[in-house]
Amino acid sequence: MYAFSNLAYKNYLYLDLSLRNDWSSTLPKNNNSYLYYSASSSFVFSELINLDERLFSYGKIRLGYAQVGNDTGPYQLVASFNAQTAANGLPTFQESDILPNSDLKPEISSSFEVGTELKFFRNRLGLDLTYYNTNSRNQILPIQLSNTTGYASRIINAGLIQNRGLEAVLHLEPLSNSRGFNWDIDINWSANRSEVKELFTDPESGQEINNYVMASRYITVEARVGERMGEMYGIGYARVSDDPNDKYYDKTGQFVGQIVFSANGKPIATTERIKLGNYNPDWLAGIRNTFSYRGISLSVLFDTRQGGKLYSHTQTVGREGGII
């Protein structure tokens, strides 16, 4: 079921409301109904004050809060059998190696956003700023189990992931002529940080899970409580730092110090898996120039991704094969 309302007052105050309820057959009966909603408002304050449009053309403040729910795929609640290759014309089945969970809850993400939009000099200069904060709870994940249990993984509800960031867009019109040559410039910049706040605590045993391996191939990509999403761990080079309490990397996660070499000149590996870096960028930016003349336009875009670490699996395999 879905309901939506749009309210406006004198062309300067707006309010949008929505309400939705889903029922999912892939969730247990006691948790298969989940309600989520949103509310957003905007205030066009330039409509209330008499300003010279040649200097200040438009001003708006916006505020919003929204939730969204999500279910899971089928056959996660009870044990099921998977079809196998037929034997002598007879169908065969095998029990799934995933331990089901009959008490799953729906995933819920809650997001808050605030921003402003400003325009000057008859809309030839514009600025759009946004800050957002999203919290995702009860994510449905498989966690690895010991083979002695008879299963490879178990389905659980886990995690509180906080995602927050800033976005900025600057619009410029250096040349504007309705019958001639026009030049528009759009510059955007954004930075995002995603942090693991919680993972999982077993309600029966009290056992905690403080890290979750999202990918594993020579190195691992892990979600660890208190750290950013996208952290990579693996064996690195032993290093010597000026700080005797920190041999490998500083508080920002960057490597420090010189690599330690053995007597035969080879770099020495760390004895433990260490943080190798985060694959997420520190920030993103782009600039687009659009040139137009009497219905013909040309657009040129430059963008950049700054920061973040890169792991090349191709290079690793090539080194193993002796071709790099």
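The values are calculated or read from the model by the stated rules, or taken from the named source; none is laboratory data. Values in this document were obtained by computation on a predicted structure and should not be read as measured data. Note that each Cβ is placed from the backbone with ideal geometry, even for glycine, and that neighbours are counted across all protein chains shown. Keep in mind that these areas ignore ligands, DNA and RNA; they rest on the heavy atoms of the full protein, side chains included. Shrake-Rupley method; radii C 1.70, N 1.55, O 1.52, S 1.80 Å.
Things to note:
- Chain lengthening between LEU125 and GLU320 when straightened (0.36 nm per residue, less Cα-Cα): 64.7 nm
- Model label zone, ILE49; criterion: amide N under 17 Å from point 7 Å along Cα-to-beta-carbon; scope region 122-166: 122-123, 127
- Largest first, the residues LYS275, LYS266, LYS29 sort by 1.4 Å accessible area into LYS29, LYS266, LYS275.
- Size of region 125-251 as Cα extents on the principal axes (Å, biggest first): 77, 42, 25
- For region 26-71, the alpha carbon positions stretch 60, 14, 8 Å along the principal axes, listed from largest to smallest.
- Report summary: the helix-based calculation at 222 nm, which adds -39500 (n - 2.57) for every DSSP H run with n ≥ 4 and divides by the residues of the chain, gives -500 deg cm²/dmol.
- When a 1.4 Å probe is rolled over the protein heavy atoms, the share of accessible surface on the chain that falls to carbon and sulfur comes to 54 percent.
- Per-residue extension of 0.36 nm, minus the Cα-Cα distance of GLN258 and ASN6, leaves a gain of 84.6 nm for this segment.
- Under 16 Å from the ASP97 label point (7 Å along Cα→beta-carbon), backbone N, region 209-241: 216
- Enclosed volume per residue, in Å³, of the convex hull spanned by Cα atoms of the chain: 308
- Here the convex hull built on the C-alpha positions of region 92-179 has a volume of 204 cubic angstrom per residue.
- Note on the chain: GNM, Cα springs under 10 Å; of ARG164, ARG137, ARG54, the largest mean-square fluctuation is that of ARG54.
- Restraint check, LYS197/LYS275; LYS105/LYS197; LYS197/LYS266; LYS119/LYS197; LYS105/LYS309, Cα-Cα greater than 29 Å: LYS197/LYS266; LYS119/LYS197; LYS105/LYS309
- Label sites at THR201 and GLU173, each approximated as a point 7 angstrom past Cα along Cα to Cβ, lie 5.7 nm apart.
- Probe 1.4 Å - accessible area at LEU175, Å² to nearest ten: 80
- Accessible surface computed residue by residue for the chain, with neighbouring protein chains in place and a 1.4 Å probe, gives 66 Å² per residue.
- You can think of it this way: the chain between THR270 and SER18 has 85.4 nm of extra reach, that is 0.36 nm per residue less the Cα-Cα gap.
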